[in-house]
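The values are calculated or read from the model by the stated rules, or taken from the named source; none is laboratory data. As the structure is a prediction and not an experimental result, all values here were calculated from the model. So basically every Cβ, Gly included, is an ideal-geometry build from the backbone, and we count neighbours across all protein chains shown. Remember, those area values only see protein heavy atoms, side chains included, never the ligands or the DNA or RNA. Shrake-Rupley method; radii C 1.70, N 1.55, O 1.52, S 1.80 Å.
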Amino acid sequence: MSPKSAGLAKKMGHTDVRVFLAGIPAWKKAGKSVTASEKFVQTGNIVLVDLRSKEEYEAGHIPKAHNIPMASLAAKEDSLPIKAPVVVYANTFLEAQQGYNLMKKWGVKTGSIWPGGVKSWTDKGNKLATGPTPASISWTRKLGKNEVSLAEFKKAMDDGANQLILDVRTSDEVKDGILKNSKHIPLDEIEKRVGELPKGKEMLIHCSTGARAEMAKAALDKAGIKSRVLIADVECEQGKCEITD
Amino acid sequence: MHNKPLRRWIPFLLITGLLAGGPSLSGSPAFAADPAPQAAAQDANAFTGKITGKSNKAKTISVEVKGKNEFLKFDDTTKGLEHAVEGEAAIVKFELRGADRFATSVEPKLATLPEGVAEMKTDELAKLIAMGPAEGNYVLVDSRPAARYHEGHIPTAISLPDTVHVETGDAYLPGDARLKKTTLIFYCGGFT
């Protein structure tokens with residue numbers, strides 16, 4: 001917490017101490033961009049986008065970067081995975097910011113800028129790569145520590161020996177279809193009904209996106225029941241359900 | 001049916017009373033975000049803590065209180081739902097309806113600043129950043145966990161998570177900042 005740190009600094013004799021209380025959310029809301037660290041560009045599970053021209057890119061770019069020249073960015077909306085953290089760079093901060101703003105509008109969740117482009121990259125002792133851009137952008141989300149993979153989840157739909165699927169959608173949603181080997185308890189009843197869950201089985205929790213499943217996991221944790229969460233879209237219609245990553 | 005409005009008001013009045021009579025926040029300068037008044041409020045049908053989730057479909061909010069998630073239902077009469085934003089600190093007042101906790105209002109929990117520390121607003125910060133740390137004579141410090149810093153921080157910020165700060169003091173600050181004449185600006189992930 002920043003006020004705590006500010007108090008500490010004050011205690012240590014710093015005279016001019018301020019707190020930007022509104023913090024990162026307000027900064028982003030005001031249309032301002034955030035910057036990524038060198039380490040994040042080097043090792044993060046990111047999509048790195050070089051907004052410069054094809055010629056500049058091929059002559060030397062940050063390794064892993066994809067080339068989408070600023071002029072053609074607007075047409076590339078569908079080629080960017082919006083769940084990926086996207087880091088952009090250009091020759092100037094202003095250009096990078098234009099790209100960043102556009103991607104934010106598309107719904108990219110964690111966008112950021114690598115400030116200073118290739119120059120600050122090499123200034124810090126990093127090497128550049130050369131040659132043409134990869135044919136397509138691929139990005140795989142890494143599973144969080146409380147998350148079950150879609151493959152494992154699907155297996156549990158066929159074999160419920162050690163795992164049970166817990167569906168926390170509303171009763172209305174369930175009318176359109178429910179997954180195999182699953183038990184339905186709406187999120188708002190979880191706390192009261194945890195006792196109904198079988199002991200000794202791991203619960204794999206799902207809803208329609210993953211948001212409510214995460215909330216339900218907290219309730220199961222509280223009750224000491226082992227569980228993981230499926231972060232995926234579950235859509236049911238006329239008794240048939242489709243799960244997409 | 002008749003006494004419902006009264007039931008709704010009792011918790012509210014209790015809280016107001018507790019807050020008004022609660023300990024002064026200016027009492028402890030270094031760690032002014034004192035949990036004592038909040039703890040008092042927890043008992044009086046209000047949760048103060050980080051919003052950890054909100055589902056419009058299930059009409060449920062979860063709030064992290066003392067490391068545990070508490071669930072509350074909400075409906076169209078719940079006030080201030082726009083403040084139920086995941087990750088933000090809030091005060092959620094509720095009433096009991098049968099066995100269920102119903103949120104009656106959600107308010108942002110504003111952090112209290114230590115004595116002698118002033119708030120900085122977005123515009124002022126933006127102006128300084130446009131000048132850069134040297135010309136603006138500032139050091140901007142990101143107090144969040146390092147991983148958060150790496151994925152996206154306010155331009156020119158350095159990373160000094162509050163937990164590290166407590167252990168190391170200002171050893172991690174740049175030399176000129178340690179001379180204590182530089183404006184030190186701290187921020188984190190919102191009003192927490």
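Taking the mean number of other Cβ atoms within 10 Å as a proxy for protection, how do you rank A:129-139, A:231-241, B:136-146 from highest to lowest?
Per-residue Cβ counts within 10 Å, averaged per peptide and sorted highest first, yield B:136-146, A:231-241, A:129-139.
What does the accessible area of B:ASP123 come to, in Å² to the nearest 10, when a probe of 1.4 Å is used?
110
Over chain A, what is the relative contact order in whole percent, taking alpha-carbon pairs under 8 Å and six or more residues apart?
Dividing the mean separation by the residue count of chain A yields 14 percent.
What is the extension gain from A:GLU152 to A:LYS199, computed as 0.36 nm multiplied by their sequence separation minus the C-alpha to C-alpha distance, in nm to one decimal?
Here the segment from A:GLU152 to A:LYS199 would lengthen by 14.9 nm.
Pop out the carbon and sulfur fraction of the accessible area of the protein assembly as shown as a percent, whole number, probe 1.4 Å.
Within the protein assembly as shown, the accessible surface is 55 percent carbon and sulfur.
When you look at the Cβ of every residue in A:185-192, what mean number of other chain Cβ atoms sits within 10 Å?
Counting other chains' Cβ atoms within 10 Å and averaging over A:185-192 gives 5.
With angles folded into 0 to 90 degrees, how steeply does helix A:93-106 sit against the dominant principal axis of chain A? Use alpha carbons for both and round to 10.
The angle comes out near 20 degrees.
Just need the relative contact order of the range A:33-142 here, percent rounded to a whole number, with Cα pairs under 8 Å and 6+ apart.
37
Considering only the other residues whose Cβ falls under 13 Å of the Cβ of B:TYR187, what net charge follows from Lys and Arg at +1 and Asp and Glu at -1? Let's see the in-between values first.
Numbers: positive: A:LYS4, A:ARG18, A:LYS28, A:LYS32, B:LYS121, B:ARG144, B:ARG148; negative: B:GLU119, B:GLU124, B:ASP142, B:ASP162.
With Lys, Arg at +1 and Asp, Glu at -1, the neighbours total +3.
Counting DSSP beta bridges in the protein assembly as shown, what percent are antiparallel, to the nearest 5?
45
When the Kirkwood radius is taken over all Cα pairs of the range B:122-186, what Stokes-Einstein diffusion coefficient follows at 4 °C and 1.567 mPa s, in µm²/s?
Answer, rounded: 106 µm²/s.
Just want to confirm a number: the relative contact order over the range B:122-186, from Cα pairs under 8 angstrom separated by 6+ residues, in percent.
Once normalised by length, the contact order is 36 percent.
By how many degrees, between 0 and 90 and to the nearest 10, does the Cα long axis of helix A:2-11 differ from the longest principal axis of chain A?
60
Applying the Karplus parametrisation 6.51 cos²θ - 1.76 cosθ + 1.60 with θ = phi - 60° to the phi angles of the range A:211-218, what ³J(HN,Hα) value in whole Hz is obtained for each residue in order, glycine and proline being reported as x?
5, 5, 4, 5, 5, 5, 4, 4
In whole Å, what is the distance between the alpha-carbon centres of the range A:162-184 and the range A:66-144?
Using only Cα atoms, the two centres lie 39 Å from each other.
For B:LYS79, go through the lysines and keep the ones whose alpha-carbon is under 26 Å away, minus same-chain ones fewer than eight residues off.
Candidates past the 8-residue exclusion: A:LYS28, A:LYS29, A:LYS192, B:LYS4, B:LYS50, B:LYS54, B:LYS57, B:LYS59, B:LYS66, B:LYS68, B:LYS93, B:LYS109.
Under the rule that a partner needs its Cβ under 4.7 Å from the first Cβ, which Cys of the protein assembly as shown have none?
A:CYS207, B:CYS188, each lacking another Cys Cβ under 4.7 Å.
For peptide A:103-116, what's the mean number of Cβ atoms from other chains within 10 Å of each residue's Cβ?
Across A:103-116, the average partner-chain Cβ count within 10 Å equals 1.
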